[in-house]
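Read through the structure below, which is laid out as structure tokens, and then see the notes.
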Amino acid sequence: MSEAKIPYKIYLSEENMPKAWYNLRADMKKKPAPLLNPETLQPVKPEELEKVFCKELVQQELDDQTREIPIPEEIQDFYKMYRPSPVVRAYCLEKKLGTPAKIYYKFEGNNTSGSHKLNSAIAQAYYAKKQGLKGVTTETGAGQWGTALSMACSYFDLDCQVYMVKCSYEQKPFRREVMRTYGASVTPSPSMNTSVGRKILEEHPGTSGSLGCAISEAIEAASSQDGYRYVLGSVLNQVMLHQSVIGLETKAALDQYGVVPDVIIGCAGGGSNLGGLIAPFMGQKLRGEQDYQFIAVEPASCPSLTRGKYAYDYCDTGKVTPLAKMYTLGSGFIPSASHAGGLRYHGMNSTLSELLDQGLIEARSVEQTSVFDAAEQFARIEGILPAPESSHAIRVAIDEALKCKETGEEKTILFGLTGTGYFDLFAYEKFNNGEMSDYIPTDEDLAPGFASLPEVPESHD
Ligand SMILES: Cc1ncc(COP(=O)(O)O)c(C=O)c1O
């Protein structure tokens, strides 16, 4: 199709919206390693997980065979309120950079929660309601997931208890108020509410918290209340499954105009948006239909993919979760207080970890001042104030486009713009005042986290 006919923003029509999520694991010859029970070191059984998670979500978590999982009608209806999200051609950015590359981004910030997190929140709240639960508990890092889950829970009339990483709680009071407006209760983590929180505070007094700590607290809160289950906004395969809606929409939208990306880029915290965006494209690559370059971008301050070990580890700091095989810095690693709260996680989704191990995706780490440089450049020219997490992908998309300028290659670059940064103005203020610093952990800083890795016999490793 001629360039001129490709719209600035590509939307799917309602009838073309995905009716089923795509389970990438079904197309992987070598599957991600199973979750293990930390006591028996045997693969976890559904009934063990069902004590903590909603039943149907457990099935989705463990299912690595079913390629398509139908999206229930209630969820499709909810999606229609804010989906499809647009695939946007960043013409102005291309022009400003003077690159021959074509840059597209899939924008997930067009809902009150401000990010892609709502795609999985509404699914998880739906299954909790269907199971007849009173409510759910969760953690939130940057606040987007907590906000999304409060919206989803209020829609289905469920109680929502959020443990918010302390540094985000302090930096983003307004995000906390959005959650409370939707009826959620919000507690800064680590807190004195749970025994695991008290223990972490005793061991690390004054800690700014981490996603790993908040997960431990939320799990304890769910297990100690009748009619409650724990839900998680990232890391798990069920979350990546729900986020496949991003990639399915993107691929269908681009297919309409015959656009085939060469490079696909996403930021990686626990891996859900990246996993969701790349899923159908990676499926093609695995089936030998089409080749793509996939790049996961993470903060240099929390480099699980680029400097972590591929090993079994706990998903939380308090060591109450099953063991997942993933790229990890060790559940004992507490990253420095960077401004991309949603990327401060010690591990990574097990499917993405396996894909990285097989050399099917690559990973890059970037420093936060260079991320904010890219965020500001993007905001000034494309009219969207990006979230710090999303700006990691922008950084690498710009770097790739500048490489094309040097080589003259006319690559098509696609990246995931996961959310908006209107609640991140404290971080932007630091950047604008020249007060933002970069912290890259030394090998000595990483050593205690690695030392905290559990010992798992070879047969499972
Ligand atoms: C806007 C935004 N993008 C990305 C992420 C990273 O999460 P994930 O890697 O699961 O997509 C977060 C997490 O909080 C987020 O809020």
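The values are calculated or read from the model by the stated rules, or taken from the named source; none is laboratory data. What you are looking at is a predicted structure, and each value in this text was computed from that prediction instead of being measured. All Cβ positions, glycine included, derive from the backbone under ideal geometry; neighbour counts span all protein chains shown. Ligands, DNA and RNA are stripped out before the accessible areas are found, and what is left, the full protein with its side chains, is counted by its heavy atoms. Shrake-Rupley method; radii C 1.70, N 1.55, O 1.52, S 1.80 Å.
Scanning region 386-410 for residues that are open to solvent by less than 50 Å² (accessible area, probe 1.4 Å) and either more than 16 Å from the ligand (Cβ to nearest atom) or over 18 Å from residue 364 (Cβ atoms) (or both) yields a total of 6. The number of residues in region 180-219 being assigned to a strand (DSSP E or B) and farther than 26 Å from residue 301 by Cα comes to 2. Scanning region 2-20 for residues that are more than 22 Å from residue 104 (Cβ to Cβ) and at pLDDT 95 or above returns 19, 20. Within region 426-461, the residues that satisfy the criterion of being in a helix (DSSP H, G or I) and closer than 17 Å to residue 314 by Cβ are 446, 448, 449, 450, 451, 460. Test residue 413 against the stated conditions and say whether it is assigned to a strand (DSSP E or B), within 25 Å of residue 254 (Cα to Cα) and away from the ligand (no atom under 16 Å from the Cβ). Considered against the rule, which asks whether it is assigned to a strand (DSSP E or B), within 25 Å of residue 254 (Cα to Cα) and away from the ligand (no atom under 16 Å from the Cβ), residue 413 comes out as yes. Looking for something surrounded by fewer than 24 Cβ atoms within 10 Å (Cβ to Cβ), away from the ligand (no atom under 12 Å from the Cβ) and over 27 Å from residue 286 (Cβ atoms) - is there at least one such residue anywhere in region 324-333? Checking region 324-333: at least one residue is surrounded by fewer than 24 Cβ atoms within 10 Å (Cβ to Cβ), away from the ligand (no atom under 12 Å from the Cβ) and over 27 Å from residue 286 (Cβ atoms). Contact annotation: residue pairs with Cβ atoms under 6 Å, 6 or more positions apart or on different chains, pairing a residue in region 244-272 that is away from the ligand (no atom under 16 Å from the Cβ) with a partner that is open to solvent by less than 10 Å² (accessible area, probe 1.4 Å) and not in a helix (DSSP H, G or I), are 253/10; 253/87; 261/414; 263/413.
How many residues does region 221-243 contain that are in a loop (DSSP other than H, G, I, E, B) and either more than 16 Å from the ligand (Cβ to nearest atom) or more than 15 Å from residue 54 (Cα to Cα) (or both)?
6
One residue stands out among those in region 92-124 that are open to solvent by 10 Å² or more (accessible area, probe 1.4 Å) and of a type in the set (Ser, Thr, Tyr): the one that is farthest from the chain's Cα centre (by Cα), which is 99. The residues of region 124-141 that are within 16 Å of the ligand (Cβ to nearest atom) and either at pLDDT 95 or above or not in a strand (DSSP E or B) (or both), listed by number, are 124, 138, 141. Could you go through region 357-377 and let me know if any residue there is over 21 Å from the mean Cα position of the chain (by Cα), within 29 Å of residue 84 (Cα to Cα) and without any contact (Cβ under 8 Å) to a residue 24 or more places away in the chain. So far as region 357-377 goes, no, none of its residues is over 21 Å from the mean Cα position of the chain (by Cα), within 29 Å of residue 84 (Cα to Cα) and without any contact (Cβ under 8 Å) to a residue 24 or more places away in the chain.
For region 142-171, filtered to residues that are outside any helix (DSSP H, G or I) and open to solvent by less than 10 Å² (accessible area, probe 1.4 Å), the residue that is nearest to the ligand (Cβ to nearest atom) is 142. Scanning region 389-410 for residues that are over 23 Å from residue 275 (Cβ atoms), in a helix (DSSP H, G or I) and not acidic (Asp, Glu) yields 401, 402, 403, 404, 405, 407.
Among the residues of region 301-320, the one identified as away from the ligand (no atom under 16 Å from the Cβ), surrounded by fewer than 22 Cβ atoms within 10 Å (Cβ to Cβ) and among the β-branched types (Val, Ile, Thr) is 320. Selection of region 342-354 for residues being open to solvent by less than 10 Å² (accessible area, probe 1.4 Å) and within 15 Å of the ligand (Cβ to nearest atom) yields 343, 344, 345, 346, 347, 348, 349, 351, 352, 353. Only one of the numbered conditions (1) among the hydrophobic types (A, V, I, L, M, F, W, C); (2) open to solvent by 30 Å² or more (accessible area, probe 1.4 Å); (3) not in a loop (DSSP other than H, G, I, E, B) is violated by residue 52, and that is (3).
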